[in-house]
Amino acid sequence: MMVDYQALLANAKTARERAYTPYSRFKVGAAVLTASGQIFHGCNIENAAYPVCLCAERSALAAAWSAGEIEFIALAVVADTPGPVAPCGMCRQFMFELAPDLPVLLANLAEQTQHTTPRELLPSGFASESLNHNR
Ligand SMILES: O=c1ccn([C@H]2C[C@H](O)[C@@H](CO)O2)c(=O)[nH]1
Ligand SMILES: [Zn+2]
């Protein structure tokens, strides 16, 4: 499937506007294109108990997955950062599990971009094959 990254990034920017960030004031948006051609949005949703905060990347992938859209084509993430936004470690692990080779577009509002994948973002990532119960 040909991916319209400009459109995906525009969706991520729209999602970013919906972020709930009373604590950090740092808004992040994400958009994932699935095999059916649908786009699912994600934004960060914070909490007074800080560790409960949900990132935009996990929000978007969970929205798609919960809708039964488990085949991801591409993911865009955007924030108001000096360069392309850098996903947190938890999101890197989360993305690595569900879609290690998913094309990921990291961007900022000025549309400085970086194309990458979860595998590239999390070298030597922990995966289910590492678990004892598989041996
Ligand atoms: O890639 C990122 C980086 C940070 N955040 C969120 C978590 C928290 O709500 C805020 C500040 O870290 O930004 C994301 O959603 N995605
Ligand atoms: Zn994160």
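The values are calculated or read from the model by the stated rules, or taken from the named source; none is laboratory data. Since this is a predicted model, take the numbers as computed values, not measurements. Counting neighbours? That spans all protein chains shown, and the Cβs are built from the backbone with ideal geometry, glycine included.
Among the listed residues Ser66, Ser59, which satisfies the condition of being within 20 Å of Leu8 (Cα to Cα), buried (at least 20 other Cβ atoms within 10 Å of the Cβ) and of a type in the set (Ser, Thr, Tyr)?
Ser59
Of everything in segment 88-119, what is without any contact (Cβ under 8 Å) to a residue 24 or more places away in the chain, charged (D, E, K, R) and exposed (fewer than 15 other Cβ atoms within 10 Å of the Cβ)? Give them in sequence order.
Asp101
Hey, Ala48 hits all of (1) in a loop (DSSP other than H, G, I, E, B); (2) of a type in the set (A, V, I, L, M, F, W, C); (3) in contact with a helix residue (DSSP H, G or I) (Cβ under 7 Å, 6 or more places away or on another chain) but one; which does it fall short on?
The number of the failed condition is (3).
Would you tally the residues in segment 14-56 being of a type in the set (D, E, K, R), surrounded by fewer than 22 Cβ atoms within 10 Å (Cβ to Cβ) and touching a strand residue (DSSP E or B) at 6+ places or on another chain (Cβ under 9 Å)?
4
Can you tell which of Ala86, Ala76, Ala60 is part of a loop (DSSP other than H, G, I, E, B), within 16 Å of ligand 2 (Cβ to nearest atom) and touching a helix residue (DSSP H, G or I) at 6+ places or on another chain (Cβ under 9 Å)?
After applying the criteria, what remains is Ala86.
Residue pairs, Cβ under 9 Å, 6 or more apart or interchain, first in segment 46-60 and touching a residue at least 60 places away in the same chain (Cβ under 8 Å) and within 8 Å of ligand 1 (Cβ to nearest atom), second basic (Lys, Arg) and assigned to a loop (DSSP other than H, G, I, E, B). List them.
Going by the 9 Å Cβ cut-off, there are no qualifying pairs.
Consider segment 63-73. How many of its residues are part of a strand (DSSP E or B) and within 16 Å of ligand 2 (Cβ to nearest atom)?
Count: 0.
Condition test on Arg25, is it in a helix (DSSP H, G or I) and either out of contact with any Phe, Trp or Tyr (no Cβ under 9 Å at 6 or more places or on another chain) or modelled with pLDDT of 95 or more (or both)?
No, not satisfied.
When you scan segment 61-87, how many residues do you find that are among the hydrophobic types (A, V, I, L, M, F, W, C) and without any contact (Cβ under 8 Å) to a residue 40 or more places away in the chain?
Qualifying residue count for the region: 8.
Would you mention how many residues in segment 1-22 are part of a loop (DSSP other than H, G, I, E, B) and within 15 Å of ligand 1 (Cβ to nearest atom)?
Number satisfying all stated conditions: 5.
Out of everything in segment 110-135 that is of a type outside the set (Gly, Ala, Ser) and in a loop (DSSP other than H, G, I, E, B), what residue ends up being nearest to the chain's Cα centre (by Cα)?
Thr117
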